[in-house]
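**Q** After the structure tokens below, expect a handful of questions from me.
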Amino acid sequence: MSPLQFAWRSLSRRPARAVLGLTGVAVVGALLFDMLMLSRGLIVSFRDLLESTGFDVRVTATEALPGMGPVVSEAAATVEALRRLPELAAVVPVRFGVAAVDARDKKTREVAIIGSETRRRGEWRLVQGADLAEDSAAGRPGMVVNRTFARDQGLGPGSIVRLASTLTPREFRVSGIVEFPFEAAAERMAGVTLNGFTRAFPSARRDEADLLLVASQPGVGAETAVSAIRRARPDLHAFSIDEVLERLRQAEFSYFRQVSFVLATIASFFALLLVTTLLTVSVNQRLGEVAALRALGFSRRRITFDLLAESALLVGGGGIVAVPLGLLLARVLDSILRQMPDLPSRLHFFVFEPRALAIHLAFLVLAALVAAAYPVILAARLPIAATLRKESIS
Amino acid sequence: MSAPVAIVEARGVSKVYPMPAGPVEALRDVSLTVAPGEYVAISGPSGCGKSTLLHLLGCVDTPTAGSLLFEGRPVLPMGEQERSRIRLRRIGFVFQRFYLLPMLTAWENVELVQSEAGMPAAERRARTRALLEYVGLGERAAHLPSQLSGGEMQRVAIARALANRPGLVLADEPTGELDDETGEQIGDLFDRVNADGTTLVIVTHNPALAARARRRLAMRSGRLAAPSVGAGS
């Protein structure tokens, strides 16, 4: 009978205790798994969002986040200069603004407007109607709107959007409904051309950009593209996605990393405590049996393997259950956290990664070994004769 | 012609347990030789050192002083691993409290020690079947210890002790948990085990069981009294 079979029979002997242990490990393991997903979830999710745009480099005037700091001046010339760099495949200037619209309930509502060129890559995803086209000299400029804006205003392809203004009327014709990568759940958003943007915001300077979206040439890579931009335009600040994420990791997202680290440590401690306690109680209750087995010639190694196998079954069984349980729990927690205002609706706090699963499994192996250490020492160093004597007296 | 090598031989062994109130001498200069095929019973009051002597003879413990030979080989220089191997292959133990593993059936309890000794599966099966038949429990092989009576559990324990064909079987109060009638049946079984060639050393309070031995030893205060020879000799 192998140690694993032996351990299985030992656990089956007290099913209530085994189930209790497995449940405890599963719950604590689920929490640990969730914390592993949380520790990198925002970064992974944010990377997905950034990559979904199809641009792997962002260029701003300063180190401030786009829209939060000074703009890139002489945008047209800058864009042209960058487009000449052989390392770059595309350079798209982007402008951000917030306008007001008269809602159907006569109140005004804010709408975030992105001014860009016609869609080059993944600035947005067309859901219905037609994409943004070059504006004709005459007539209303085109606009794409997100679903929230369309629903609020009853918009569809062909509808007219009138921005609230006491001056000249600012009207746009909706060409289609789109989904922006970074739109928040209740956020009204619209996309217009750069010309359309200056129509929406007459006071905005024409030749400026809040952000330049840059795509590197295939095979060149973002880091090389960033280096090329820094050489050509040291006055600008270029960031690869990795660099953006590193900044977020150090600042904005560090809170979640710290919380997940603390909770993961606590969860690990409880998992270890639980399994160690269960195994120690189990060994203490069968000291006579262990001593008898040793007297019958079972080696210390065999007793050690039996206990390790028991620990592995408890931790392994609980750990396997912990994965689906953790995924379920993560879904619930994610939906709660995503209700925070102004968060991109496609941003997730808990993201499953093979890496999180690998760390979870590695931890379980370690936990099984560490949890078994004390009971193993207890059993292996058991004085056989003294224990048998004590057991027969008791 | 030279005399056969003793199964186990204790030469002037002593055992001292360090205690908070001062060392306790459990055995004092005990010498005992058990020859192959012998049936030895050791009796004496509680705390006289019977079990301690049995544990030394069974290589479970080591003496504080003196020497111990098992099948002619000195036990003291052996490491724990070597002594474990001897206990597994050459010694069988029967305990007062049986110590059958409660989650294993009678069959599995007997088979487990053979499996640990590396006996091939087919041989294990045949041996287990034969042993359970031998102790009269062929029909109870699939029963858990909790489904067996005390006498039946001790029979399984005896089958387990015999599983690896040991040269020596040691029994510590084997009838201590049994009623007189069941104790008699266990005594009969031990007689048969010895008659079939297995050396037996039994520690017991039970005079009826001790009387079955061919050599009876009395212990008092850690010393062996003069031997007396049983009726069977």
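**Q** Return the residues of the range B:1-53 that are charged (D, E, K, R), assigned to a strand (DSSP E or B) and out of contact with any helix residue (DSSP H, G or I) (no Cβ under 6 Å at 6 or more places or on another chain); say none if nothing qualifies.
**A** Once the filter is applied, which keeps residues that are charged (D, E, K, R), assigned to a strand (DSSP E or B) and out of contact with any helix residue (DSSP H, G or I) (no Cβ under 6 Å at 6 or more places or on another chain), the range B:1-53 yields B:E9, B:R11, B:E25, B:R28, B:D29.
**Q** Inside the range B:146-178, can you point out the residues that are crowded, with 24+ Cβ neighbours inside 10 Å, within 13 Å of chain A (Cβ to nearest Cβ) and of a type outside the set (A, V, I, L, M)?
**A** Result: B:R160, B:D172, B:P174.
**Q** Name the residues in the range B:99-111 that are crowded, with 24+ Cβ neighbours inside 10 Å and within 10 Å of chain A (Cβ to nearest Cβ), would you?
**A** Correct list: B:Y99, B:L100, B:E111.
**Q** Right, another one. Taking B:Q81 as the residue in question, decide whether it is surrounded by fewer than 16 Cβ atoms within 10 Å (Cβ to Cβ) and facing chain A (nearest Cβ under 7 Å).
**A** yes
Rundown of residues vs (1) within 14 Å of another protein chain (Cβ to nearest Cβ); (2) touching a strand residue (DSSP E or B) at 6+ places or on another chain (Cβ under 7 Å), yes/no style:
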| position | (1), (2) |
| --- | --- |
| A:R13 | yes, no |
| A:L22 | no, no |
| A:L38 | no, no |
| A:D56 | no, yes |
| A:A75 | no, yes |
| A:E87 | no, yes |
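**Q** Pick from the range A:181-200 the residues that are open to solvent by less than 30 Å² (accessible area, probe 1.4 Å) and assigned to a loop (DSSP other than H, G, I, E, B): which of them is nearest to A:S345 (Cα to Cα)? Show your work before the answer.
**A** The first filter runs over the range A:181-200 and keeps only residues open to solvent by less than 30 Å² (accessible area, probe 1.4 Å), leaving A:181, A:183-184, A:189-193, A:196-198, A:200.
Subset that is assigned to a loop (DSSP other than H, G, I, E, B): A:181, A:183.
Values: A:P181: 8, A:E183: 6 Å.
Within the range A:181-200, the match that is nearest to A:S345 (Cα to Cα) is A:E183.
**Q** Just for helices (runs of 4 or more DSSP H) wholly inside the range B:149-226: which have at least 3 residues that are polar (S, T, N, Q)?
**A** Those helices (runs of 4 or more DSSP H) span B:180-195.
**Q** Got at least one residue in the range A:251-273 being at negative phi, modelled with pLDDT of 90 or more and aliphatic (A, V, I, L, M)?
**A** no
**Q** For the range A:19-50, what are the residues that are of a type outside the set (S, T, Y) and touching a Ser or Thr at 6+ places or on another chain (Cβ under 7 Å)?
**A** Within the range A:19-50, A:L32, A:M35, A:L38 qualify.
**Q** How do the pairs read when you match residues in the range A:91-117 that are assigned to a loop (DSSP other than H, G, I, E, B) with residues anywhere that are not aromatic (F, W, Y), using Cβ under 7 Å and keeping only pairs 6 or more apart or on different chains?
**A** Pairs found: A:A103/A:R109; A:A103/A:D152; A:A103/A:Q153; A:R104/A:Q153; A:R104/A:G154; A:E117/A:V92; A:E117/A:T193; A:E117/A:L194.
**Q** Check off (1) within 26 Å of B:R160 (Cβ to Cβ); (2) open to solvent by less than 40 Å² (accessible area, probe 1.4 Å); (3) more than 14 Å from chain A (Cβ to nearest Cβ) for B:R127 and give me the number that stays unchecked.
**A** So the condition that B:R127 fails would be (2).
**Q** Name the single residue, out of those in the range A:21-54 being more than 29 Å from A:E123 (Cβ to Cβ) and of a type in the set (S, T, Y), that is surrounded by the most Cβ atoms within 10 Å (Cβ to Cβ).
**A** By that ranking, first place goes to A:S39.
**Q** Let me ask you something else. Might you check whether a residue that is of a type in the set (V, I, T), under 30 Å from the mean Cα position of the chain (by Cα), at pLDDT below 85 and within 20 Å of A:E171 (Cβ to Cβ) occurs anywhere in the range A:108-119? I'd like the intermediate steps shown before the answer.
**A** If we filter the range A:108-119 for residues that are of a type in the set (V, I, T), which is where we start, we get A:108, A:111, A:113-114, A:118.
Right, trim to under 30 Å from the mean Cα position of the chain (by Cα) and you get A:111, A:113-114, A:118.
The next check asks that each one be at pLDDT below 85; those that pass are A:118.
Filter again for within 20 Å of A:E171 (Cβ to Cβ), leaving A:118.
Yes, the range A:108-119 contains at least one residue that is of a type in the set (V, I, T), under 30 Å from the mean Cα position of the chain (by Cα), at pLDDT below 85 and within 20 Å of A:E171 (Cβ to Cβ).
The values are calculated or read from the model by the stated rules, or taken from the named source; none is laboratory data. It should be emphasised that the depicted structure is a prediction, and the values quoted were computed from it without experimental measurement. So basically every Cβ, Gly included, is an ideal-geometry build from the backbone, and we count neighbours across all protein chains shown. Protein only, heavy atoms only, side chains kept; ligands, DNA and RNA dropped before computing areas. Shrake-Rupley method; radii C 1.70, N 1.55, O 1.52, S 1.80 Å.
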